[in-house]
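The values are calculated or read from the model by the stated rules, or taken from the named source; none is laboratory data. As the structure is a prediction and not an experimental result, all values here were calculated from the model. Methodologically, a virtual Cβ is constructed for each residue, glycine included, from the backbone with ideal geometry; neighbour enumeration extends over all protein chains shown. Protein only, heavy atoms only, side chains kept; ligands, DNA and RNA dropped before computing areas. Shrake-Rupley method; radii C 1.70, N 1.55, O 1.52, S 1.80 Å.
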Amino acid sequence: MSRSTVTTVLVRNTALVSTGILAGAFTYARVAVSPTFRAVPMDVHLTFRVALMAMNAPFMQALMGLGAVTSLVFAYTGRGRARIVAAIAGGAALTSLLVTRFGNVPINERIKTWHIGSLPANYEDQLNRWETFHDIRTAAAVLAFILLLTAVEMAKSGRTATPAFS
């Protein structure tokens, strides 16, 4: 295997693994963690949410960045339709990162300051807004993963020619 082939395989696999883990983690949070937050008393919710933020933030944001970069590099090194599909996947992964950074993170920063005896009047609206941003980033992450799986299969099967460019 040539060095460029090894690099291509490494980039492709890193893109697949990082977007797959991200899609899985966000989906798990949507179907298990978020309903649990709603099922427990608010003091438990806030304690757990703040602790979870501290553990998740560095790992998840790095994972999102890795998924976006490796997806775009895969697109850059790809050909035809597989390249286009990988580029769209990279855009979806980047969307997930940007929604997190500019949607969820600012709300997380506010949540860290909340105290059970003095919640802001609009705390439920803020939690609902966080959920909306989470749904968007989850959909973007799942889309990125599915598109990367598709791009890899297209590249493997040789269906890389784009009629408009062949």
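Structure notes:
- Residues located in the stretch 1-54, provided they are part of a helix (DSSP H, G or I), of a type in the set (S, T, Y), open to solvent by 30 Å² or more (accessible area, probe 1.4 Å) and over 30 Å from T113 (Cβ atoms): S4, T5, T7, T8, T14
- Taking the numbered list (1) surrounded by fewer than 14 Cβ atoms within 10 Å (Cβ to Cβ); (2) touching a Ser or Thr at 6+ places or on another chain (Cβ under 9 Å) in turn, A151 passes all entries but (1).
- In the stretch 72-85, the residues that are closer than 15 Å to T7 by Cβ and among the hydrophobic types (A, V, I, L, M, F, W, C): L72, V73, F74, A75
- Residue in the stretch 102-117 that is modelled with pLDDT under 95, over 20 Å from A139 (Cα atoms), assigned to a helix (DSSP H, G or I) and open to solvent by 70 Å² or more (accessible area, probe 1.4 Å) present: yes
Conditions tested, residue by residue: (1) open to solvent by 20 Å² or more (accessible area, probe 1.4 Å); (2) farther than 21 Å from A139 by Cα; (3) in contact (Cβ under 8 Å) with a residue 60 or more places away in the chain; (4) part of a helix (DSSP H, G or I).
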position: Q61; (1), (2), (3), (4): yes, no, no, yes
position: V69; (1), (2), (3), (4): yes, no, no, yes
position: V73; (1), (2), (3), (4): yes, yes, yes, yes
position: R81; (1), (2), (3), (4): yes, yes, yes, yes
position: V85; (1), (2), (3), (4): yes, no, yes, yes
position: A89; (1), (2), (3), (4): no, no, yes, yes
position: A93; (1), (2), (3), (4): no, no, yes, yes
position: L97; (1), (2), (3), (4): yes, no, no, yes
position: T100; (1), (2), (3), (4): no, no, no, yes
